[in-house]
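Read-outs throughout are calculated quantities, based only on the coordinates presented, and are distinct from any laboratory measurement. Remember, predicted model here, so these are calculated numbers, not experimental data. Backbone-built Cβ (ideal geometry, glycine too); neighbour counts: all protein chains shown.
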Amino acid sequence: MPRSRGSQIYLLLLVAVTVGLVLVVTGPWRTGLAVIGAAFVVSSLARVFVPADHVGMLRVRGKAFDVVWTMLLGASLLVLAVVVPPPPGG
């Protein structure tokens with residue numbers, strides 16, 4: 001088990017993304033995208049609140065870059081899951 005709080009959150013992010021990808025591949029792709037998007041939003045918030053000495057693998061670049069990029073990615077996936085119209089007749 002990872003020692004730092006950030007690395008533990010990162011591991012949970014990887015699990016959530018894996019679950020989301022399985023959902024996308026097996027059929028309920030909107031739910032899968034929502035799971036992945038929510039995971040990125042949560043990791044962005046975690047990057048804000050986890051102290052710098054415990055951030056672990058959540059640190060990629062600077063704090064501002066990490067927060068903005070993961071929040072943008074998560075919000076974009078959540079919006080995509082909501083706004084894409086269903087196929088005709090389905």
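Here the dipole of the chain is about 180 debye; that uses its Cα centre as origin and unit charges on the Cβ of Lys and Arg (positive) and Asp and Glu (negative). When the chain is treated as a GNM, springs tying every alpha-carbon pair under 10 Å, which of Val25, Val15, Val41 comes out with the largest mean-square fluctuation? Ranking Val25, Val15, Val41 by mean-square fluctuation puts Val25 first.
Applying 1/(1 + (r/R0)^6) with R0 = 25 Å to the Cβ-Cβ distance of Val60 and Leu21, what FRET efficiency is obtained, to the nearest 0.05? It would help to have the intermediate numbers written out before the result.
Details: r = 20 Å, r/R0 = 0.81.
For Val60 and Leu21, the calculated efficiency is 0.80.
Helix 29-49 and the long axis of the chain differ in direction by around 20°, with both axes built from C-alpha atoms.
For an R0 of 25 angstrom, estimate the FRET efficiency from the Cβ-Cβ distance between Arg30 and Leu73 and round to the nearest 0.05.
Working: r = 17 Å, r/R0 = 0.68.
After rounding to 0.05, the efficiency reads 0.90.
Enumerate by residue number the trypsin sites (Lys or Arg not before Pro) in region 3-46 meeting two conditions: DSSP loop (anything except H, G, I, E, B), and at most 15 other Cβ atoms within 10 Å of the site's Cβ. Could you put the intermediate results ahead of the total?
Values: sites: Arg3, Arg5, Arg30; in loops: Arg3.
Of the trypsin sites (Lys or Arg not before Pro), the ones in loops of region 3-46 whose Cβ has at most 15 other Cβ atoms within 10 Å are Arg3.
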